[in-house]
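The values are calculated or read from the model by the stated rules, or taken from the named source; none is laboratory data. Owing to the predicted nature of the structure, the values given are computational and were not obtained by experimental measurement. All Cβ positions, even for glycine, are placed from backbone atoms using ideal geometry, and neighbour counts span all protein chains on display.
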Amino acid sequence: MILKAEPDKALRFLEDNFELLRDFYRLQLEHNYISPDAFEQAMREKADVISKRLLDYKLLVPQSNGFRLNEPLRVFLAFLLNEFKPLLPEELAKYRLAFQQLLERIREYRDGDILILAERLDAFYEELQQFLENVERNTGQLLKNSQQLKANKGAIPYSERVRQARHLIEHYIEPLNRILDVQQKDSIANLLNQVSAYINIQRFEHPHQGIRLRFERLHEQLRESERKILRQSHVITRELLPLIERLQTESEILSGWLRFLERPFLHGVPEVPARRKLSLTGSNIEVGLELFLQQFEQQPEEVVLHEGEMAPVNEQKVYFNRRAYQQQLQKALPVDNYFQWCYEAMAKNEAMPSSERFLKVSSLLFEESETYQAEFSEGRLQIRINGTIYDLPVMRVRRREASGAG
């Protein structure tokens, strides 16, 4: 199809209507096409000549369900706006097959047409350049998406942010990391290393000077690709994964709750509803508290030694038998005062009761949230452990009743 305009006129049209084309690009980025209704709404304040020229200049291509931007224009706008849709690992995997097939064809060449060998080397060069650009765009867009999740702390519910973070990790970030991991036998990075070794030999040994120059150019690009892949891999492991994992451990309720438990006299007593029932086993609490309490498990117990009172450590008592505590809690249900039960269970089973062990026992409720139902009761409870006083609410815990289907 022939463009019905001189190139300079088409460029001026792009400049004059850039905002309109930007809106079309974002619609297509979100929905994969531009619906007829969206097109008509965007053109409502425009003259008919604008609509006609969009089609005459081949900037928009009619589809059965609406319109799409012509592919070269879409790529150009993506470059200008720096807005991309991250490629799935399956989309990036096609480059490995292309590299393998081109390498096989280059190796198979003997004394045939020298022109086809030159074209295959040029094709490998172009394919490698596209792969590197797509990887760089992918890591940049994934980092931008992760930062937006971090920034929209108040706009997106915590559970939804965790869901989106897990989606990015499982379907984009970790697969991309495997593609770029040179230690992985089936990774693209590993294959490019093998290609580089072969190209390095051919750039000296091939008898044709023009082909040697192409081998030399491809070898330089492969060396540069190693540096770029390593840089993108560092972005994933040092910036992207730590940022996205922090989203899964954020919980304002839990952070404030445990901060208060650590220093109850330095902060005001939080307002806990006394008459309104409130479930504590929602998805936010489960994820946040479980991950936070694991930090306490890694901290050593504080040991105070007095002269003449040193006692041998009973190594059997250092181990925390979580399963035994879970069984005891199951037998004790329903429990009218959960934290009181935790304290008494700890005192009964631990030779050296401590704040760390109390937090471990208290975490039992949140490890199997589908098993228990918790609600606040009236009153408060004060527990002293090794000189620290915990001011706690009274919670009633019972077994969660199985909900009927439908």
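For the reader, a short list of remarks on this structure follows.
- For the criterion of being assigned by TED's automatic domain parsing to the domain that holds Phe18 and out of contact with any Cys (no Cβ under 7 Å at 6 or more places or on another chain), Leu73 passes.
- Within the stretch 168-198, tally of residues that are over 24 Å from Gln129 (Cα atoms) and exposed (fewer than 12 other Cβ atoms within 10 Å of the Cβ): 1
The rows are residues; the columns are (1) touching an Asp or Glu at 6+ places or on another chain (Cβ under 8 Å); (2) not acidic (Asp, Glu).
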site	(1), (2)
Glu119	no, no
Phe124	no, yes
Arg137	no, yes
Gly140	no, yes
Leu143	yes, yes
Gln148	no, yes
Arg166	no, yes
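- Residue within the stretch 7-23 that is loosely packed, with under 12 Cβ neighbours inside 10 Å, modelled with pLDDT under 85 and assigned to a loop (DSSP other than H, G, I, E, B) present: no
- When Arg105 is tested against (1) out of contact with any Lys or Arg (no Cβ under 7 Å at 6 or more places or on another chain); (2) farther than 30 Å from Phe79 by Cα, only condition (1) is not met.
- Qualifying residue in the stretch 119-139 (condition: more than 23 Å from Arg223 (Cβ to Cβ) and in contact with a helix residue (DSSP H, G or I) (Cβ under 9 Å, 6 or more places away or on another chain)): no
- The set of residues from the stretch 51-86 being assigned to a loop (DSSP other than H, G, I, E, B) and free of Cβ contacts under 8 Å to residues at least 12 places away in the same chain comprises just one member, Ser64.
- If only residues of the stretch 100-144 that are buried (at least 18 other Cβ atoms within 10 Å of the Cβ) and of a type in the set (Val, Ile, Thr) are counted, the one that is farthest from Ile199 (Cα to Cα) is Thr139.
- Selected residue (criterion: modelled with the highest pLDDT) from residues of the stretch 145-158 that are loosely packed, with under 14 Cβ neighbours inside 10 Å and assigned to a helix (DSSP H, G or I): Gln148
- Close pairs from the stretch 18-33: first free of Cβ contacts under 8 Å to residues at least 60 places away in the same chain, partner part of a loop (DSSP other than H, G, I, E, B) and of a type in the set (Asp, Glu), Cβ under 9 Å, at least 6 apart: Tyr25/Glu83; Arg26/Glu83; Leu29/Glu83
- Looking at Arg44, Arg107, just one residue is more than 27 Å from the chain's Cα centre (by Cα) and assigned by TED's automatic domain parsing to the domain that holds Ala123, and that residue is Arg107.
- Of the residues making up the stretch 107-156, those that are free of Cβ contacts under 8 Å to residues at least 24 places away in the same chain and either in contact with a strand residue (DSSP E or B) (Cβ under 6 Å, 6 or more places away or on another chain) or not charged (D, E, K, R) (or both) number 11.
Results for (1) closer than 30 Å to Glu127 by Cβ; (2) of a type outside the set (A, V, I, L, M, F, W, C); (3) touching a Gly at 6+ places or on another chain (Cβ under 9 Å), shown as yes or no for each residue.
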| site | (1), (2), (3) |
| --- | --- |
| Glu15 | no, yes, no |
| Phe18 | no, no, no |
| Tyr25 | yes, yes, no |
| Met43 | no, no, no |
| Asp48 | no, yes, no |
| Gly66 | no, yes, no |
| Glu71 | yes, yes, no |
| Ala78 | yes, no, no |
| Leu81 | yes, no, no |
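- In the stretch 218-230, the qualifying residues are those that are of a type outside the set (S, T, N, Q) and either surrounded by 14 or more Cβ atoms within 10 Å (Cβ to Cβ) or not assigned by TED's automatic domain parsing to the domain that holds Asn200 (or both), and the one that is nearest to the chain's Cα centre (by Cα) is Ile229.
- Looking across the stretch 366-382 at every residue that is modelled with pLDDT under 75 and assigned to a loop (DSSP other than H, G, I, E, B), the one that is nearest to Gln328 (Cα to Cα) is identified as Glu368.
- Of the set (1) assigned to a helix (DSSP H, G or I); (2) in contact with a strand residue (DSSP E or B) (Cβ under 7 Å, 6 or more places away or on another chain), all apply to Gln41 but (2).
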